[in-house]
Each structure stands twice: as C-alpha cells, then as structure tokens.
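Notes follow the structure.
What follows draws every value from the coordinates through simple rules; no lab data is involved. The model shown is predicted, which means the values in this text are computed figures rather than measured ones. Positions of Cβ are generated from backbone atoms using ideal geometry, with glycine treated the same way; all protein chains shown enter the neighbour counts.
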Amino acid sequence: MKNPVGSSELHSFGGTLAPFLAIVEADLRSLFSSKITYGWLLAAVFIQVVITLGSRSAGTTSNVVSSGLSDFVYLWSLVIIGLAASSVSLEAGELADSIMSKSVTRLDYVCAKFASRIAYTLIGFSVVTAVLVGLALRLDVSDYSTAGLASSIVLVALALVMLTALGVGLSVAMPSTVTAMVTLLVLWYSMTFFFPVVGLGVLSPGTLVGNLPGIIKGEWSWENWETFAGFVAISGVSAALSSAYFYLKDI
C-alpha cells in the first residue's frame, strides 16, 4: 500500500524544483543551439584530431593529452569566460519582470544559472576530451597510467568549473557584461602566470598545465591534492557569495 504522505511530499519536492529545472533546461537548450557552441566544438575536435594524428609516429600519450588539455586552459577558456560572464548580466533587462511575474525565486534563478553553465562547460569538455583521449591511446608510446589519466582530466575539469563559477559570480555582481568579461580575463591570466610568483602556485592553472604530463604518467603529489582542494573551494565560495549577493540586491 502506498504511503500518501510520502507521495505528497515527493510531489511537493518536484514542484519546488520545477522552476529551477525549467531554467536549467531552457538555458542549456539555448546554449547548445547557438553557433558559438557548434563553432567551438567543431574547431576543438578538429584541432585535436589534426595534432594527434600528426603525432602518431613521434608523440607520446602523456604529451599529446597534456597538450590537448592545456588548450582548455589557454585557448578554449575564452569561450567559457564569454558565456559564463554574460549569463546573468546579459539578461538584466528582463530579470526583474521574470522574477516578479512568475513563480521563480531569486535562488531558483541564480542556482539554475550556475548549474546550466557548469553543465555546459563539462559537456563540451567531455566531448572534446573523449576524442582526444580516444586518439591518444592509439599512439605508439603509451606512457600513462589509467588512474593518472583520469586524475589529469578531473583536475582540468575542476579548473574549468572554477572558471565558470567565477564567471557567473562576476556576472551577478557586475551590471555590465563587458566589465565582467574583462575582469575575469584579467583574473584568469593573473592566476595562470602570477600566482606562482606570490606563493599561490597550487592555485595556478599554469602550474596545473605544467604538472599534467607527470600526473598522466601516474605521478601524484601533495601539491596536486592542494590544487584539487583549492579549485573546489574557490568554486564553492564563489557560488555561495554571489548567490547570497543576488538574493539580497535590488533588481
């Protein structure tokens, strides 16, 4: 016999999540139907195919995979920055009416933006990385460990999640999309090149890129754990603070 109370609670929970899920779905649908996404994925896959096939005789798995993953830090991060930093500020003109006229709370909206942009980043990253790794594993010199290869992919994915979270956070805090993009560009490349100078090398995406060949071969150090924890912490703090700010600010 079914528990009517449990069924009612489940239905209520689903109803509570409905606005959040609807925004996530609509945002992802819009992102994946854009020409920017098609251009990004086609260009990224094409470049990985050309580079990997060109390295078939002389390249090694660790070098080819680390080179492909570093493209996300130095090149494809520009796409992620543009889409993340425009996620909220670009809709500022319609935002107040949407929240006032529909059953969408501020928290629903901002959490959905974080969820959809992070999901978009991870899906795009996964598609390109699957092609990269699939081809790299066919190279003559397979100098990798399975755990190391998986760890390198996870660390780069976390770096991109951190970048996306910072982008959405700046989009919440800054009314201008251009200002949010420029600020994130400066911050991202400052982290990449200048953090090691001031003793924050474990949080530098550039340091991560330099460590990738060794990680892929199975070399894992305490510094890598610090990088892992730092990326997770920055992502969480950015999401929490910007969500609280969005909840309290006037729109």
DSSP H segments from the chain that extend 15 Å or more along their own axis, Cα-based, with Kyte-Doolittle mean of 0.5 or above: 4-32, 35-54, 106-136, 146-173, 177-193, 205-216, 222-248
Residues Ile23, Ile216, sorted so that the one with the fewest Cβ neighbours within 10 Å comes first: Ile23, Ile216
Approximate spin-label separation Thr105-Leu248, in nm, with each point projected 7 Å along Cα-to-Cβ: 1.7
CD proxy at 222 nm, helix term only [per DSSP H run n ≥ 4: -39500 (n - 2.57); per residue of the chain; nearest 500]: -27000 deg cm²/dmol
Using alpha carbons only: equivalent-ellipsoid semi-axes of segment 9-248, gyration tensor based, whole Å: 34, 20, 17
Paired Rg and Dmax values of segment 147-217, which use every Cα atom, in angstrom: 13.9, 45
Percent RCO, i.e. relative contact order, over the chain, from Cα pairs under 8 Å lying at least 6 residues apart: 28
